Amino acid sequence: MFLLAVNWTTISSLATAAGTLVLAIATFSAVKSAGRSARIAEMALQEQRRPLLTSSRLSDPAQKLMFAGGHWVKPAGGHATAEHVDGVVYLSISLRNVGNGIAVCQAWTAFPNVLSSGSRPNHAPDEELRLQTRDLYIPPGDIGMWQGALRDPDDPLRVTMAAAIDAREAVGVELMYSDQIGGQRTITRFGLMPVGPSPGEVTATDDVWMASMSRHWHLDWSGPRANAGSAPSAPATHS
C-alpha cells in the first residue's frame, strides 16, 4: 500500500507538471501571436501617416512663393528654380506627396553636379544638413513647395553652387522630411537640370529648370532596399 501511494503521488506530480508545461507553451504562443499582431498594427498605423515626396507632375499648376527679402519664384509643375541673384543662391522645387501622411520638411543640403547613385551611393551626413528656417508642410496626395537659400558670402557651398548655376550646370538637392509627429524620417535626392539656352543666352523667361527625383533613404525603418551609410541624428543649424 505504501508503494502504491508513492506511485500515485509521483503520477499526480508528473501530471501537474505536464499541465503546467502545456499552459506555459500556450501562453508563450498567445504572447508571440499578440506581439506579431501589435507589430502589424504599428506598421499599418505608420503606413497611414507615412509621407513620400517626389517631383510634381508636369500637369500640376505653377506655385508661387517668396523668400526672405522679397525675392519671388514661380516654378511650374515638374520644375524647379536655381537662381544666383545679388550674391544669394535661391533654390526651390515643386513637389508632390505620394505618401499617405503629411510631409514636414526638416533639413536639406545641395551640391553641384548631379552624380549617379553609383558614384554617390549614400545620402549626405548629418553635419551637412541645414535646418529649415520656415515650416513647410505638404499634404498627402497633393502638391507643395520646398525652398532653400544660401546667403552667407563665406559659405563654401554658396560659392560652388553659385558657380554651377551661373554656368547652367545640373545641381542636386537632398531633402530630409518626416511625418507630422517627427517620425519616419526620409531623405530624398532630387536633380535640378537646366533646359533651354546655353550660358550667355539666358533670359528671365528662358531660365527653366526641371526637377527629377532619383533616390529615397528611410532613416527610421527598413525600406524597400538596403540603405548604406548611417542615419543622421541631429542636423546642423544652418540657415
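Bear in mind that the values in this text are calculations on the coordinates, not laboratory data. These figures come from a predicted structure and were not determined experimentally. So basically every Cβ, Gly included, is an ideal-geometry build from the backbone, and we count neighbours across all protein chains shown.
The figures follow:
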| quantity | calculated |
| --- | --- |
| Cut-off 11 Å between beta-carbons: net charge of the residues surrounding Ser178, Lys and Arg +1, Asp and Glu -1 | +1 |
| Net charge of neighbours whose Cβ lies under 14 Å from the Cβ of Val114, counting Lys and Arg as +1 and Asp and Glu as -1 | +2 |
| If the convex hull is drawn through the Cα atoms of the stretch 53-218, its volume per residue in Å³ | 115 |
| For Arg189, net neighbour charge (Lys/Arg +1, Asp/Glu -1) across residues whose Cβ lies under 11 Å away | +1 |
